[in-house]
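Quick notes on the structure that follows.
The values are calculated or read from the model by the stated rules, or taken from the named source; none is laboratory data. Note that this is a predicted model, so its numbers are computed, not measured. Quick reminder, even Gly has a Cβ in these numbers, built from the backbone with ideal geometry, and neighbours come from all protein chains shown. Surface areas here come from the heavy atoms of the whole protein model, side chains and all, with no ligands, DNA or RNA. Shrake-Rupley method; radii C 1.70, N 1.55, O 1.52, S 1.80 Å.
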Amino acid sequence: MDHQHSVAIHSEHSKHSEETQSVEAVPGTEAGPAKQTASRLATASSVGTTLEWYDFTVYNTLAALIFNRLFFPSFDPLSGTILAFSTYAVGYISRPIGGVLFGHLGDKLGRRFVLVVTLVLMGITTGLMGLLPTYASIGILSPILLVTLRFVQGVALGGEWAGAVLISVEHGAPDKRGRNASWTQIGPSFGTLLATGVIALITWLVSPDDFLAWAWRIPFIASLLLVVFGLWIRRGIEETPLFKELDKNHATAKTPIGDVLRLHWRRLLIAGGSRIGSDVLYALVVVFTLTYVTTVLDLSRTLALTAIMIGTACNALTVPLFGALSDRIGRRPVYAIGIVLGAIWAFVFFMLLDTAQPYLIVLAVVVGLVVHAAMFGPQAAFVTEQFPTRVRYAGSSLAYTLGGIAGGAFAPLIFASLFQSYHNTIVISLYVVAALAMSGVALFVARETGKSPLEE
C-alpha cells in the first residue's frame, strides 16, 4: 500500500464526548446544541441520497417508458430508449466535477455547508425537468435542455454522498461505523421506492394519453417537497467533531484533491473500484428490468414497477443489516459474499424473467436487490475508511463519482446496446460478472478497515 496506518483518533472521540452523542444515542434525549440524536442523524444522512435516487429513478423510469417519444421522437423505439439512457449517463459523467468542487469545499469549509448547497441544487434541477417543453414544442432545444439539467444535477450529486456518509460516520461510535454509514445507503432504496410508487399511482389515476401529455411532469415537481424536508432536517445538524478539531487547530488540507491524487491514489483506486460491480448489478435489476419486461417480454408496466417496489423495500430493510454485520465480521467478507452471489444471480435473473410468470419476475428482482444490499451495506463505511480525516470528503467523493462512471453511468446504455446487437441476455450477464470481478479485485488488494480506528 502507499501509506502507513495513521494515528488513531480514539483520543479525538474522547475529547469530544462532552460535545456529541454517537448515532447510538436515544432519540429525544435532552442535549446541548452540539449533541445529535440518532433519528435526526440517520434522517439527515439518508435524505439527500433519497432525493438523489428519487430523481434518478423518476428519470430512469420515464426514460425506459416514454422519453423516447417526448424528447427523441425521430428514432425507432429502442434507439430512442438508448438515447434517453445516454442522457442518464450525463448525470454520472458530471459527478466527478461535483466531487472535485464539493470535495474540496467539504474538507475546507465543512461537511454541513456542502450538504445544504448540494440538496438545494438537486431539488432545483429536478423541478425544472418537470417544466421542460418537449421536442414537439421546441424541437432539438428540448433534449439539449434536458442534458444540461442532467449535467448540473450530476454536479450536485457528486458532492452529496460523501458528506451524507461523513455526517453519520464522524458523529457516530467507532464500532458502529458500518451500520451508521449504511443509513446513507438506504436512500437509494427509499428514493427508488418512493419514485416508483408515485409513478405507479399516477399511471393508475390517469389515462396513458394524459400521462404522456402532462402527468409525467408531476413526479419531477413533487421532488421539491423532499428538498424542503431535507433542509429542515439538516439545519439541526452540527458540524462533525472531527472536522471541528481540524478547523480549530488550523490543520485542514490546503489542497484536498491534490493530496488525494498525490498521496492516496492507490486507496482511491480501491475505493472507486469496489463500487463498480454493485452499481452495474443495481442498474440491471432496477433500470433494465423496466425495459426488458415491457419492451422485450411485452408485459405490463405495472408488473415491472410492482416487482421493483417490492425489491427496493427488501433492499432498504437488508442494507443496514449487512452494514451491521460488517461491523462484526469485517467489510471484506460481507462484500465478497455479495460479489459471488451477484455473479451467479446475473444468469439466474434472466432465466426467471423469461418465464414471464409474475411471481418469478418479482422473485428475480427481490433476490437481486438483497444480493446488492450485501455489497451496498458495508460500502459506505469501506469507502470513507480508506482516507484520513483531512481529505476524507475529497477522497470519498472522487471514489464515489469515478466508480459511478465506471459502473452505473453506462450500464443501462450498454445493456440496451448489447441486447440490440446480440439479441440474447448471456452477453449482458457476462458484462455484469466482469464488473463484479473488478470490484472483487479491489476488495482483494484492500486492507480490512472494519476493526481499525479512523485515521487523522
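Residue count for segment 346-392, restricted to those that are more than 19 Å from the chain's Cα centre (by Cα), in a helix (DSSP H, G or I) and among the polar types (S, T, N, Q): 1. Summed over segment 107-146, residues that are open to solvent by less than 50 Å² (accessible area, probe 1.4 Å), at pLDDT below 90 and in a loop (DSSP other than H, G, I, E, B) total 3.
The sole residue among I233, I310 that is assigned to a helix (DSSP H, G or I) and touching a Ser or Thr at 6+ places or on another chain (Cβ under 8 Å) is I233. Residue check: T449 meets all listed conditions (1) among the β-branched types (V, I, T); (2) within 15 Å of A336 (Cβ to Cβ); (3) in a helix (DSSP H, G or I); (4) at pLDDT below 95 but one, namely (3).
Checked against (1) open to solvent by 10 Å² or more (accessible area, probe 1.4 Å); (2) modelled with pLDDT of 95 or more, T294 passes all but condition (2). Residues that are farther than 23 Å from G330 by Cβ, part of a helix (DSSP H, G or I), open to solvent by 10 Å² or more (accessible area, probe 1.4 Å) and free of Cβ contacts under 8 Å to residues at least 40 places away in the same chain: does segment 147-170 have at least one? Scanning segment 147-170, I find at least one residue that is farther than 23 Å from G330 by Cβ, part of a helix (DSSP H, G or I), open to solvent by 10 Å² or more (accessible area, probe 1.4 Å) and free of Cβ contacts under 8 Å to residues at least 40 places away in the same chain, so the answer is yes.
Quick check: is even one residue across segment 267-286 assigned to a helix (DSSP H, G or I) and over 19 Å from the mean Cα position of the chain (by Cα)?
Looking for residues that are assigned to a helix (DSSP H, G or I) and over 19 Å from the mean Cα position of the chain (by Cα), one finds at least one in segment 267-286, hence yes.
You will find that of I310, I344, I339, the residue that is β-branched (V, I, T), open to solvent by 10 Å² or more (accessible area, probe 1.4 Å) and without any contact (Cβ under 8 Å) to a residue 12 or more places away in the chain is I344 and no other. The number of residues in segment 182-219 that are open to solvent by 20 Å² or more (accessible area, probe 1.4 Å) and outside any helix (DSSP H, G or I) comes to 2.
Okay, residues lined up against (1) open to solvent by less than 10 Å² (accessible area, probe 1.4 Å); (2) under 28 Å from G123 (Cβ atoms):
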{"position": "N180", "(1), (2)": "yes, yes"}
{"position": "I221", "(1), (2)": "no, yes"}
{"position": "I237", "(1), (2)": "yes, yes"}
{"position": "T252", "(1), (2)": "no, no"}
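For segment 418-431, state whether one or more residues are assigned to a helix (DSSP H, G or I), over 23 Å from G323 (Cα atoms), open to solvent by 40 Å² or more (accessible area, probe 1.4 Å) and among the polar types (S, T, N, Q). Within segment 418-431, one or more residues are assigned to a helix (DSSP H, G or I), over 23 Å from G323 (Cα atoms), open to solvent by 40 Å² or more (accessible area, probe 1.4 Å) and among the polar types (S, T, N, Q).
For segment 391-417, the candidate set comprises residues that are open to solvent by less than 40 Å² (accessible area, probe 1.4 Å) and of a type in the set (A, V, I, L, M); within that set, the residue that is modelled with the lowest pLDDT is A409. Given the structure, is T318 open to solvent by 10 Å² or more (accessible area, probe 1.4 Å), of a type outside the set (D, E), outside any helix (DSSP H, G or I) and under 24 Å from A200 (Cβ atoms)? When the stated conditions are applied, T318 does not pass them. May I ask you to list the residues in segment 239-266 that are over 18 Å from L105 (Cβ atoms) and not polar (S, T, N, Q)? Correct list: P241, E245, K248, R262, L263, H264, W265, R266.
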